[in-house]
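First the structure, in the form of structure tokens, and then the observations on it.
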Amino acid sequence: MQEIKQHIACIFDLDGVLVDTAVYHYKAWKQLANSMGFDFTEHQNEQLKGVNRMRSLDMILQWGGVERSAEEKEVLAARKNEWYVAMISKMTEAELLPGSLQLLQELKLKGVRIALGSASKNSSLILERTALTHFFDAIVDGNSVTTSKPDPEVFLKAAELLNAAEADCVVFEDAAAGVQAAIAAGMKVVGIGTIENLPGSDIVIKDLSEITVTEIERLKSLSTDKG
């Protein structure tokens, strides 16, 4: 296989790209909504993909027609997070999504720089539980950024930590907000999911088993040619 160019860098979202934690977010938010007297659906949960915790809470409260003070919101968000952390603390490598481990191994073998670009504030715990931590040269998550996707801050910071130009980065995202953030950052985007849900992606695949390092290199070279 052709050696991948050293200037290429890959930035991965976490939830829904490398691991499946969406079910735990859903269960924890649903439990919180139910505790306040209303329900929370899987369809609504889809709209929270890539959205940070406090903004997610605001959306859920709005759906439930419930108003809370800023102090009460902090308590509610902390409660949801306690329930969520209890669930993900039991995660194992078996919950890696198809192709995740293989692609990270191949990228690492080729010397490609890899970063995490996630809204999650629990990314370190998830990476530890699924034995992925050692693959990442940089980790940017909800603890290290002030704005959430679709703002490009998380990806711009990841590129900076990797010492990579924005145009040399390929982002892997499963949320529309994340795709928009990557586009705003001037990066190529591989969408994980369906074309309908991920407008603007350069390519869309079902999961990471459907892409190779060679194809990532080709995607990046197209970017260079167009630029």
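The values are calculated or read from the model by the stated rules, or taken from the named source; none is laboratory data. Computed from a prediction, not measured in an experiment: that's the story for all the values here. All Cβ positions, glycine included, derive from the backbone under ideal geometry; neighbour counts span all protein chains shown. To get the accessible areas, we keep the full protein, side chains included, count just its heavy atoms, and leave off ligands, DNA and RNA. Shrake-Rupley method; radii C 1.70, N 1.55, O 1.52, S 1.80 Å.
Looking only at the stretch 209-222, residues that are surrounded by 18 or more Cβ atoms within 10 Å (Cβ to Cβ) and in a helix (DSSP H, G or I) come to 4 in all. Whether any residue in the stretch 126-143 is over 24 Å from Asp202 (Cα atoms), at pLDDT below 95 and not acidic (Asp, Glu) is what I want to check. Yes, the stretch 126-143 contains a residue that is over 24 Å from Asp202 (Cα atoms), at pLDDT below 95 and not acidic (Asp, Glu).
For the stretch 6-62: of the residues being of a type in the set (Val, Ile, Thr) and surrounded by 15 or more Cβ atoms within 10 Å (Cβ to Cβ), which is nearest to Leu161 (Cα to Cα)? Give the derivation first.
Filtering the stretch 6-62 for residues of a type in the set (Val, Ile, Thr) gives 8, 11, 17, 19, 21, 23, 41, 51, 60.
Restricting the remaining residues to those that are surrounded by 15 or more Cβ atoms within 10 Å (Cβ to Cβ) gives 8, 11, 17, 19, 21, 51, 60.
On the way: Ile8: 14, Ile11: 11, Val17: 21, Val19: 23, Thr21: 26, Val51: 23, Ile60: 34 Å.
The extreme case among them is Ile11.
Does the stretch 161-173 include one or more residues that are without any contact (Cβ under 8 Å) to a residue 24 or more places away in the chain and of a type in the set (Gly, Ala, Ser)? So far as the stretch 161-173 goes, no, none of its residues is without any contact (Cβ under 8 Å) to a residue 24 or more places away in the chain and of a type in the set (Gly, Ala, Ser). Evaluating Lys206 against the criteria (1) open to solvent by less than 40 Å² (accessible area, probe 1.4 Å); (2) more than 13 Å from the chain's Cα centre (by Cα) leaves one unmet condition, (1). Where residues in the stretch 132-150 are open to solvent by 40 Å² or more (accessible area, probe 1.4 Å) and either more than 25 Å from His7 (Cβ to Cβ) or of a type in the set (A, V, I, L, M) (or both), which of them is farthest from the chain's Cα centre (by Cα)? Only one residue fits best here, namely Thr146. Pairs linking a residue in the stretch 196-222 that is on the phi > 0 side of the Ramachandran plot to a residue that is at pLDDT below 95 and open to solvent by 20 Å² or more (accessible area, probe 1.4 Å), with Cβ atoms under 6 Å and 6 or more positions apart or on different chains, do not occur. Considered as a group, the residues in the stretch 170-196 that are farther than 18 Å from Ser118 by Cβ and part of a helix (DSSP H, G or I) include one that is most open to solvent (accessible area, probe 1.4 Å), and that residue is Glu196.
When we screen Ile88, Ile11 for residues that are β-branched (Val, Ile, Thr) and within 19 Å of Gly178 (Cβ to Cβ), the only hit is Ile11.
Screening Ser120 with (1) open to solvent by 30 Å² or more (accessible area, probe 1.4 Å); (2) assigned to a loop (DSSP other than H, G, I, E, B); (3) closer than 22 Å to Arg53 by Cα gives one miss only, at (1). The helices (runs of 4 or more DSSP H) found entirely in the stretch 1-113 that carry 1 or more residues being touching a residue at least 24 places away in the same chain (Cβ under 8 Å) and among the aliphatic types (A, V, I, L, M) are 22-35, 53-63, 70-88, 100-109. The lone criterion from (1) of a type in the set (A, V, I, L, M); (2) closer than 23 Å to Lys108 by Cβ; (3) more than 13 Å from the chain's Cα centre (by Cα) left unmet by Ala182 is number (3).
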